[in-house]
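Only one structure is covered here, and it is reproduced in the block below.
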Amino acid sequence: MPAGDSFFIATPIFYVNDVPHIGHAYTEVAADVLARWHRQRGDDAWLLTGTDEHGQKILRTATSNGVTPQEWADKLVTESWKPLLQTVDIRNDDFIRTTDARHEKGVQTFLQKLYDDGFIYQGEFEGFYCVGCEEYKQPGDLVDGTGPFEGQQVCAIHSKPVELLQESNYFFRMSDFEQRLLDLYEQQPDFVQPDTVRNEIVQFVKQGLRDLSISRQSFDWGVKVPWDEKHVVYVWFDALLNYITAIGYGVDDDEFDRRWPAVQLVGKDIARFHAVIWPAMLMAAGLPVPKNVFGHGWLLVGGEKMSKSKLTGIAPQQITDVFGSDAFRYYFMRAITFGQDGNFSWEDISARYQAELANGFGNLASRVVAMITRYFDGTVPVAGELTDADLAVRETEVRVTAAADAAIDRFAINEALSSIWELVDTLNGYITEQEPWALAKDESKRERLATVLATSLRGLGTLTVLLSPFIPTATTTLWQSIGQGELTSQPVDRAPEWSSAPEVQPLAAGLFPRIEQPEPAK
C-alpha cells in the first residue's frame, strides 16, 4: 500500500440507454488524469467508474429494441462502455454495474438501515416526472414546449414532455437534513466546486427541501425494496450507492474505511443529486460525506450541449481514429477550463495537435534524442559549468512542477497542463538560442555542447514525468528512450529528480506524426 493519503475518485456511473459520446469520455479522462497524478505522487489512489442499468428509461429502451433490460445492459456494457475505457486509455481500478450482486445487496443493506432508523416512511405522491432525467421535476425545471410539443410542459434539459405520475411510494426524510446540508456548505466551502455550482446548490437547498420518493411500483426493473418487494428502489437512490457498494460497504469494513470518502467528479447537470441527495443519505446512515463534489462543465458542439437526441453526439473513436488517444486526452484537458463549458471543433483539435503536440513536444523530443545520438553516439553527455541560461531551464523545471502539482490539488487540470507547457516552450527557446548544431562544428566548444544537450535532456525527462498522467502512450515511448525503471514509479511531484539512462535509444518515429486536416464526421 502506498505511503501517501487515500485518494478515491469516482466518475458518475453512466446510463446504458445508448452508446457513449465524447462528453462521457471527457469525464472519464479527467478522473483518470487526477487518479494517475495522485497515484504517481505516492497516494493510495483508486479510480471507480461503471454503469447505471436500472430504471424506467432502461426498461423502455430495452423493450423498444425487443430484448430484456438485462440483455440490453449486457450488450451495451460489453460492446460500448468498457471499450470506451480502452479507447481513451483509462486506468480504472474497478468497474461497477448496478446489476452486480454486490451492488444490489449493498443497496438493500443501506435501505434497510435507513428504514429501521426511521428515515423512511410510506406515502402518496403525485408529480411531473422526466424519464430522461429519471427525476420528478419542480415547476421551475419545466419550460414551454416548441414544435411538436407546443402547448406542453417539457423538461428544460431534454426538451421532451414530462409525465404526471401518482403512486404510493416510500419516502426518504430528506427535509430533515436541510440545515445540516447548509451547515456543511458553509463549514466546508470547497465541498462543492466550482463556485458557480456551489452557489446554485446552496440556493436550491435554501428554497426548502422536500422528502424524496425513493421507490416505484409501476414497473419492476430495479433493486427490490427488502421489506416490500412490490416496490423497486428509485434509480437515483440505487445508483448513488455504487460509490460505497464498490468498496465493501456492509461487507468489507477494512476496505471501506481505507477508501471512503471519495472525490465525486460529475457533470454539472447532475451535481444536485451528488451534493444534496447523496450527502443527506450518508448523514442518515451515519457515514462521512464525500471529500468533494466537483461539477464540471458541458462539452458543446456548435454551441449546444452534447446530445445524441439532438444529433450533436460525437463518438470518441471518431477523434481517436484520427489523432490517437493521447491527443484526445491532451486536447480536452488543455483546451477547456475545467469546471466551465467548452466548445469542441475539429479545427481547434487539429491546430493544437500540430502546434502543441507535433511541433511543440514531439519535435522537441525528436531533436534532443537525435542530437545526442548524432553528436555523442547516444551516450548521455555530462554537463560542465552551468550558465544563467542553463540554470533558468533548471529553475523552470522546479517551478512548473510545483505549479502543476498545486493546480491538480485544486482540480485545475487545464492550469496544470498550461504550467507544464511553459517548460516545453522554455526548452524549445533554449535550444534555438544555444544552437547545439553550431556548437558541434567547433571542437573547442565540445564541453558547451555537452552542457546544452545534458540540460535539454534533463528538461525533456522532467516533461516526460509530468506529462505521463495526461499522455501515457507517448510518454511511455519516450521514457523507453531516455529513462530508467518504470515511468509511473517516478514521483510526479519531484519530476526534476528523474533518473536518465546512461544512453538514449533512437526514436523509431515521431511521437505525434503529422496528419491531414480531418473532415468532420457525417
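The values are calculated or read from the model by the stated rules, or taken from the named source; none is laboratory data. Quantities reported herein were computed from a predicted structural model and do not represent experimental measurements. We place every Cβ from the backbone using ideal geometry, glycine too, and count neighbours over all the protein chains shown. All accessible areas refer to the heavy atoms of the entire protein, side chains included, with ligands and DNA or RNA removed. Shrake-Rupley method; radii C 1.70, N 1.55, O 1.52, S 1.80 Å.
Miscellaneous remarks
- Among the protein heavy atoms, those of residue 409 account for about 80 Å² of accessible surface (1.4 Å probe, every chain in place).
- Shape category assigned to region 1-112 from the gyration tensor of Cα positions, a/c cut at 1.5: oblate
- Portion, in percent, of the accessible area of region 93-142 that falls on carbon or sulfur, probe 1.4 Å: 47
- Region 4-57, relative contact order [Cα under 8 Å, separation at least 6], %: 58
- Cα gyration tensor category, rounded, prolate or oblate, for region 283-440 with a/c compared to 1.5: oblate
- On region 347-444, 50 percent of the accessible area sits on carbon and sulfur atoms, based on a 1.4 Å probe.
- Fraction of accessible area attributable to carbon and sulfur, region 237-291 (%, probe 1.4 Å): 46
- Size of electric dipole in region 407-495: Cβ of Lys, Arg +1 and of Asp, Glu -1, about Cα centre, debye, nearest 20: 200
- Using a Förster distance of 56 Å, the FRET efficiency for residue 382-residue 354 (Cβ separation, nearest 0.05): 0.95
- Three-way shape call for region 89-165 based on the alpha-carbon gyration tensor, with the a/c threshold at 1.5: oblate
- Heavy-atom accessible area, probed at 1.4 angstrom with all protein chains present, ranks 446, 259, 352 as 446, 352, 259, highest first.
- The accessible-area ordering, largest first, of the residues 337, 464 stands as 337, 464, per a 1.4 angstrom probe.
- Per residue, region 334-447 exposes an accessible area of 45 Å² to a 1.4 Å probe, with every protein chain left in place.
- Cα-based reach from residue 75 at 16 Å (exclusive), listing aspartates and glutamates while leaving out same-chain residues under 8 positions away: 18, 52, 53, 100
- Taken about its Cα centre, region 231-385 carries a charge dipole of roughly 380 debye when the Cβ of each Lys and Arg holds +1 and the Cβ of each Asp and Glu holds -1.
- Signed unit charges on C-beta, dipole axis of region 227-306, positive-most listed residue 234, 292, 247: 292
- With the helix formula -39500 (n - 2.57) applied to DSSP H stretches of n ≥ 4, the chain reaches a computed 222 nm mean residue ellipticity of -13000 deg cm²/dmol.
- Over region 327-416, Cα pairs under 8 Å with separation of 6+ residues give a relative contact order of 42 percent.
- Summed over the residues of region 460-522 and divided among them, the accessible surface reaches 49 Å² per residue at a probe radius of 1.4 Å.
- Dipole moment magnitude, nearest 20 debye, region 26-181 about Cα centre, only Lys, Arg, Asp, Glu C-beta charged: 400
- Rolling a 1.4 angstrom probe over the protein heavy atoms with all chains in place gives region 92-245 an accessible area of 47 Å² per residue.
- The fraction of all Cα pairs in region 52-125 landing in successive 10 Å bins from 0 to the largest distance is 16, 32, 32, 17, 4, given as whole percents.
- The alpha carbons of region 394-522 stretch over 55, 39, 29 Å along the principal axes, in descending order.
- Checked against a 24 Å cut-off, the cross-linked pairs 160/206; 206/305; 160/224; 82/224; 206/291 give Cα-Cα distances beyond that limit for 160/206; 206/305; 160/224; 82/224.
- In summary, the aspartates and glutamates within cross-link reach of residue 105, defined as a Cα separation below 12 angstrom excluding same-chain residues under 8 places away, comprise 238.
- The alpha carbons of the chain give a radius of gyration and a Dmax of 26.0, 91 Å, in that order.
- With Cα atoms, 0 to 90° folded angle of helix 325-334 axis to the chain main axis: 80
- Neighbourhood charge, 10 Å Cβ-Cβ cut-off, centred on residue 381 and excluding it, Lys, Arg +1 and Asp, Glu -1: 0
- Longest exposed-site-free window of the chain, the sites being GluC sites (Glu not before Pro) in a DSSP loop that have at most 16 other C-beta atoms within 10 Å: 151-384
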